[in-house]
Amino acid sequence: MDVLEKLSENKTTLLIIPSEEYNSFIVGIAKQVSKNKVIYVTLNKTYESLKEIFNKKGVNTEKMFFIDAISKTIKKTPDQTPDCYFINSPGALTDLSLIISKLLDEPFDYLLFDSLTNLTIYEKKTPVAKFLAGLVNKIEESKIRALFYALNVGQQDELIKECEMFVDEVVDLSKTI
Amino acid sequence: MKKIMVVDDEPDIRASVKTILEKKGYKVVTAISGDDCLKQLKKEKPDLILMDIMMPGTPTREVVKKIKDIKISFLSVVRTSEAEKEELMKQSNIVDFIQKPFDIDELIKRVNKILKD
């Protein structure tokens, strides 16, 4: 999939990724957008491991700023490093929303949100959908374009249904490949 | 009979790991979160805790600090770097780090090894 083309068509896109190919997709997408300034929200890999994966796969992360909601749940972590902001847990939706809102005022091009599926470990689908709706409103007012990831595992169908009304387009990669 | 506590917020994982380990002759109790684990440890004394690293409630790093003298193996859907994994393993009672999704035979092998040592 040409991610940059999709991002140019829509302000917000929900990308449904087949779980078995999830890792190769996130690397491929990051590679495509890496020439631009990107905010990368990670809810399932630590910042360190994500950078390790990206570096190994040749993804340039120089223009990326990460928001890591995982590291603090498993180890002692500073609040911030030059290219990453650490929040307490994926369930800290207010903190997550605040830091993203702050960054939306900065000159970033894209927001990659990885992923809505992980939020459902901490929150029911309705608060997750509300969080998404609020975030989409803020994105609409900014210059940033956003890609939200979700996995196509069975129990996520309802989450996807709740969320799809808020974004400009839903792209199901299992149907396009 | 060795006792194992499986701590995971996903009911499917709790049920399947319980069934697998019971078939191998272990006594298995389950907990739905770190907080539930701590509560149950007031009456249960397992030989090993298999603990999901990412659950709602008290963060795992805080939960493991409160557990003394019981071996803990992390079950993790979260990807960590090799350095982070090594760091986590340095905590006194952490004995293994099993990445999800795991192979059943591999899980049994690792549990057997931990409880034999």
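Across chain A, Cα pairs under 8 Å and at least six residues apart give a relative contact order of 34 percent. Our coupling estimate for the range B:13-30, obtained by passing each phi through the Karplus curve with A = 6.51, B = -1.76, C = 1.60 and θ = phi - 60°, is 5, 4, 5, 6, 5, 4, 4, 4, 6, 5, 4, 8, x, 8, 8, 10, 10, 10 Hz, Gly and Pro reported as x. Counting heavy atoms of the protein chains alone, A:ASP109 has an accessible area of about 60 Å² for a 1.4 Å probe.
Entry for the protein assembly as shown at q = 0.11, 0.12, 0.16 Å⁻¹: log10 I(q)/I(0) = -0.67, -0.79, -1.28, Debye formula applied to identical alpha-carbon scatterers, no solvent contribution. Dipole magnitude for the protein assembly as shown: about 1340 debye, using +1 per Lys or Arg Cβ and -1 per Asp or Glu Cβ, origin at the Cα centre. Counting only heavy atoms of the protein chains and using a 1.4 Å probe, A:THR81 has close to 40 Å² of accessible surface. Among the protein heavy atoms, those of A:LEU98 account for about 110 Å² of accessible surface (1.4 Å probe, every chain in place).
Sum up the charges of everything whose Cβ sits under 13 Å from the Cβ of A:SER101, counting Lys and Arg as +1 and Asp and Glu as -1, but leave A:SER101 out. The answer is -3. What the Cβ-Cβ distance of B:GLN40 and B:MET1 gives, at R0 = 22 Å and to the nearest 0.05, is a FRET efficiency of 0.80. Length, then width, then depth: along the principal axes, the Cα atoms of the range B:15-65 run 31, 22, 14 Å.
For the range A:1-83, the Kirkwood estimate of hydrodynamic radius, built from reciprocal distances between every pair of different alpha carbons, is 13.9 Å. Per residue of peptide A:42-51, the mean number of Cβ atoms on other chains within 10 Å of the residue Cβ is 4. Once the cut-off is 19 Å, how many percent of the Cα-Cα pairs in chain B end up in the long-distance tail? It works out to 40 percent of all Cα pairs. Remark: mean inter-chain Cβ contacts per residue of A:68-78 equal 4, using a 10 Å Cβ-Cβ cutoff to other protein chain atoms. Taking the helices alone, the protein assembly as shown has a mean residue ellipticity at 222 nm of -12000 deg cm²/dmol, built from -39,500 (n - 2.57) per DSSP H run of at least 4 residues and averaged over all its residues. Using a Gaussian network model of chain B in which every pair of alpha carbons under 10 angstrom is joined by a spring, one finds that among B:VAL28, B:VAL78, B:VAL95 the greatest mean-square fluctuation is at B:VAL78. Considering only A:PHE65, A:PHE113, A:PHE25, the Gaussian network model of chain A with Cα springs below 10 Å gives its largest mean-square fluctuation to A:PHE25. Over chain B, what relative contact order in percent results from Cα pairs under 8 Å that are six or more residues apart? Relative contact order comes out at 23 percent. Taking the 1.4 Å solvent-accessible surface of the range A:88-145 as the whole, the part contributed by carbon and sulfur is 48%. The order of A:ASP172, B:ASP103, B:ASP35 by accessible area, most exposed first and with a 1.4 Å probe, is B:ASP103, B:ASP35, A:ASP172.
Relative to its residue count, the range A:1-148 spans a Cα convex hull of 109 Å³ per residue.
For the residue pairs A:LYS11/A:LYS35; B:LYS27/B:LYS71; B:LYS45/B:LYS116; A:LYS37/A:LYS76; A:LYS35/A:LYS57; A:LYS6/A:LYS175, the C-alpha atoms sit more than 21 angstrom apart in A:LYS37/A:LYS76. Put a dot 7 Å past the Cα of A:SER24, heading toward its Cβ, do the same for A:GLU9, and the two dots end up 2.3 nm apart.
With a 10 Å cut-off around each Cβ of B:59-69, the average count of Cβ atoms from other chains is 2.
Note on chain B: with a GNM built from Cα contacts shorter than 10 Å, the maximum mean-square fluctuation among B:ILE32, B:ILE98, B:ILE13 falls on B:ILE13. Exposure here means at most 15 other Cβ atoms within 10 Å; with trypsin sites (Lys or Arg not before Pro) in a DSSP loop as sites, the longest stretch of chain B lacking them is B:91-117. Shown are A:TYR85, A:TYR149, B:TYR26, whose ranking by accessible area with a 1.4 Å probe and every protein chain present, most to least, is A:TYR85, B:TYR26, A:TYR149.
The values are calculated or read from the model by the stated rules, or taken from the named source; none is laboratory data. Note that the structure is a prediction, hence the values are computed from the model and not measured. Please note: Cβ atoms are built from the backbone with ideal geometry, for glycine as well, and neighbour counts cover all protein chains shown. For the accessible areas, the whole protein counts, side chains as well, though only heavy atoms, and no ligand, DNA or RNA atoms are used. Shrake-Rupley method; radii C 1.70, N 1.55, O 1.52, S 1.80 Å.
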